[in-house]
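The values are calculated or read from the model by the stated rules, or taken from the named source; none is laboratory data. Predicted model only: the values in this text are computed from it and were never measured. In this analysis, Cβ positions are derived from the backbone assuming ideal geometry, glycine residues included, and neighbour counts consider all displayed protein chains.
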Amino acid sequence: MKFKLASHLLKILILVSLVVIIVGKAFFTNSPNMFLLIYGITVTSVIFLTFSISLRYKDPSIKIREKDLTRGIEKPLISCILAVKNDEKIIARCIDSLINSDYENKEIIVVNDASTDKTKEILKNYNNLHGITIINLNKNIGKKRAISEGLRIAKGEIFVFTDSDCVVASDAISRIIEIFMIDKKVGAVSGLGQLVVFLGR
């Protein structure tokens with residue numbers, strides 16, 4: 001409701017600006033510069049039209065989210081895999097956001113890629129929590145191979161990957177898994193909201 005009111009007020013503001021430009025140039029200047037007049041009208045009109053069109057766009061995922069299309073369907077076990085290195089300042093926030101996800105049937109695997117700061121000590125606080133596995137590597141092997149180490153022990157049907165500097169929204173994982181459950185043809189989901197057809201599937 002507030003968004004609609006704000007959008008209507010902005011429309012009115014743009015229209016008022018357009019009227020002021022036209023009236024000001026046409027009646028309150030001795031020699032109105034036609035180029036500037038046309039330019040001003042054109043720019044303001046384009047902004048107004050662009051804004052009006054953008055308001056009509058509706059995120060298709062919102063409609064899906066409004067209906068619980070997975071009710072009665074068993075939710076699969078998922079594996080959240082996270083590779084970290086020297087992330088002492090941010091790693092706790094990321095792991096906490098995964099723990100606090102509203103999707104319950106999950107395991108969290110954190111691979112410490114031979115961090116040299118206090119990351120290992122911070123991860124100790126999570127090591128004994130249910131559903132969390134910490135892997136401490138003695139040698140730095142890089143992010144890709146660190147993720148592979150996590151995949152090696154993962155038990156989930158679906159893998160969820162994120163970066164250590166991300167804070168995952170509480171409903172993010174649920175929304176991802178819903179897509180897999182609704183459409184069995186889906187092979188991967190990203191946060192960009194773009195459909196990619198791979199090999200015709």
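Against the numbered list (1) modelled with pLDDT of 70 or more; (2) surrounded by 11 or more Cβ atoms within 10 Å (Cβ to Cβ); (3) under 36 Å from the mean Cα position of the chain (by Cα), T50 comes up short only at (2).
Listed by first and then second residue, the pairs with beta-carbon distance under 9 Å, at least 6 apart or on different chains, first residue in segment 41-52 and in contact (Cβ under 8 Å) with a residue 40 or more places away in the chain, second of a type in the set (D, E, K, R), are F51/K11; S52/K11. No other residue among N86, N105, N125, N100 is modelled with pLDDT of 90 or more and in contact with a Lys or Arg (Cβ under 7 Å, 6 or more places away or on another chain) apart from N105.
Is it true that some residue in segment 68-82 is outside the structural domain of F161 (by TED's automatic domain parsing), in a helix (DSSP H, G or I) and at pLDDT below 75? No; the residues of segment 68-82 include none that is outside the structural domain of F161 (by TED's automatic domain parsing), in a helix (DSSP H, G or I) and at pLDDT below 75.
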